[in-house]
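*Asks:* Below you'll find the structure I mean.
The values are calculated or read from the model by the stated rules, or taken from the named source; none is laboratory data. The structure presented is a predicted model; accordingly, all values stated were derived computationally and were not measured. No Cβ is skipped: glycine too gets one built from the backbone with ideal geometry, and neighbour counts run over all protein chains shown. Accessible surface areas use protein heavy atoms only, side chains included; no ligands, DNA or RNA. Shrake-Rupley method; radii C 1.70, N 1.55, O 1.52, S 1.80 Å.
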Amino acid sequence: LAGGVGAVNQVADLLDDPQVTERASLLPVDDSDLRVLAGPVRFGGVPQAALAQPPELGADSDEVLREAGFSDAEIQTLRADAVTP
């Protein structure tokens, strides 16, 4: 058999893998139990920051709709018709 052979891990095994822990390959998301995969590129020992929670559904809808050219009255109509949260 040519090449290296190793154990096949399950996802749960990855979360506690010593190399993943040592390289800080999983970053916490603020105010939650969620962790996400860190980027593979590292710059001279500069730590990667924890990530912020994403906005709630609809939190940026008004801003996005205004940038798309909708007026406040049109946005209110969309809300009243339950088109946007």
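*Asks:* For region 54-81, give me the residue count where each residue is open to solvent by 70 Å² or more (accessible area, probe 1.4 Å) and either outside any loop (DSSP other than H, G, I, E, B) or under 30 Å from Leu34 (Cα atoms) (or both).
*Replies:* Residues meeting the conditions: 15.
*Asks:* Do we have any residue at all in region 34-53 that's of a type in the set (Val, Ile, Thr) and modelled with pLDDT of 80 or more?
*Replies:* Yes, region 34-53 contains at least one residue that is of a type in the set (Val, Ile, Thr) and modelled with pLDDT of 80 or more.
*Asks:* Could you count how many residues in region 10-20 are assigned to a loop (DSSP other than H, G, I, E, B) and surrounded by 10 or more Cβ atoms within 10 Å (Cβ to Cβ)?
*Replies:* 1
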